[in-house]
Amino acid sequence: MIVIFLGPPGAGKGTQCKFIVDTYGLKHLSSGDILRRERSEGTDLGKEAQGYMDSGKLVPDDLIVAMMMKEIAACGDLSGFVFDGFPRTIGQAKELDKAMAQAGKKIDVVLNLQVDDSLLEERVCGRRSCLKCGAAYHVKYMAPKVAEQCDNGCGKLSQRADDTAETVKNRIAAYHAQTAPLVEYYNEQGNVKSVNGNVAIDLVTTSLKSVLDEVKARIK
Ligand code: AP5
């Protein structure tokens, strides 16, 4: 099953991808995570992407497409993926379509996680993660037992550099200007399923499960 996960910053894509990966055995390809890895390794790509990410702008398509094609190739065959945060522009989507056609594969579903702008800043600014074990938290909606400390005993939690009120405004604007048009693009291919992401995490999971179970049954 090949899944694309669309949604604004802080909508809950990463949170729900954990469930999708665990339940359907898909490989999680998050362009944001890959870029953060490149940054922490100090690669040329990481250095080039840094300014865009810190200001909440999209990294140019040519850099992203080359990075994602390399990741896809490294995974071997294109049989089970959930793409999180990619594609994010029509140009990126067209490049992915070409790669899929060359591999004789097709996108089975585009999940469009809809969340009101008014909820996004609180979700983004309250996000915390543990750099040691990877555990994810939210100060209010998925709070650690002790404030700012990892439940697994790893120590202090971390906050992403771009998770500020200032940057999130730019990220939301970039989403509406450059990524939201993808819903129409994929609608024309007939494979978009919209899910209400304004509700609690477990309710979003239930809705996604019902969509993905149906897709899985259809492609069997
Ligand atoms: P990226 O890392 O992709 O960030 P994003 O799209 O802005 O998405 P987030 O990771 O912020 O949100 P999420 O939807 O995963 O939310 P989460 O589940 O963590 O991109 C970062 C930057 O990299 C971009 O700005 C850009 O510069 C660059 N980039 C990346 N991909 C690119 C591309 N393809 N092209 C160009 N540039 C690219 O949830 C957030 C918080 O809310 C968590 O704390 C969670 O616990 C909580 N939460 C989740 N769901 C709920 C709920 N239902 N109720 C209450 N709280 C919830």
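Put a dot 7 Å past the Cα of L119, heading toward its Cβ, do the same for S40, and the two dots end up 2.9 nm apart. Dipole magnitude for the chain: computed about the Cα centre from +1 point charges on Lys and Arg Cβ and -1 point charges on Asp and Glu Cβ, it is near 460 debye. Among the GluC sites (Glu not before Pro) in region 171-220, those placed in a DSSP loop whose Cβ has at most 10 other Cβ atoms within 10 Å are E188.
Taking label positions 7 Å along the Cα-Cβ direction at both Y141 and K98, the computed distance is 3.7 nm, reported to one decimal. A crude spin-label estimate for the pair D33 and Q50, with each label 7 Å from Cα along the Cβ direction, gives 2.4 nm. Given a 1.4 Å probe and the protein chains as shown, M67 ends up with an accessible area of around 10 Å².
Length gained on full extension, S158 to A180: 5.0 nm, using 0.36 nm per residue less the C-alpha separation. Under a Gaussian network description of the chain, with springs only between Cα atoms under 10 Å, the residue in C75, C133, C125 that fluctuates furthest is C133. About its Cα centre, the dipole of region 32-154 is roughly 240 debye, where the only charges are +1 on Lys and Arg Cβ and -1 on Asp and Glu Cβ.
Against the criterion of solvent-accessible heavy-atom surface with a 1.4 angstrom probe, V195, V21 sort, most first, into V21, V195.
Under a cut-off of 18 Å between alpha-carbon atoms, report the lysines in cross-link reach of K209, not counting same-chain residues fewer than 8 places apart. Answer for K209, where 18 Å is the Cα cut-off: K13, K18, K27, K193, K220, listed by chain and number. Report the one residue of Y186, G12, V146 whose Cα lies farthest in the direction of the positive end of the charge dipole of the chain (charges on C-beta: Lys and Arg +1, Asp and Glu -1; origin at the Cα centre). Among Y186, G12, V146, the one farthest towards the positive end of the dipole of the chain is V146. Looking at the chain, the DSSP beta bridges with both ends there are about 25 percent antiparallel.
Here K156 is the anchor, and the aspartates and glutamates within straight C-alpha reach of less than 16 Å, apart from those fewer than 8 places off in the same chain, are E148.
The values are calculated or read from the model by the stated rules, or taken from the named source; none is laboratory data. This one's a predicted model, so the numbers in the text were calculated from it and none came from an experiment. With ideal geometry, Cβ positions are generated from the backbone for all residues, glycine too; neighbour counts draw on all protein chains shown. What goes into the accessible areas is simple: the full protein's heavy atoms, side chains included, and nothing from ligands, DNA or RNA. Shrake-Rupley method; radii C 1.70, N 1.55, O 1.52, S 1.80 Å.
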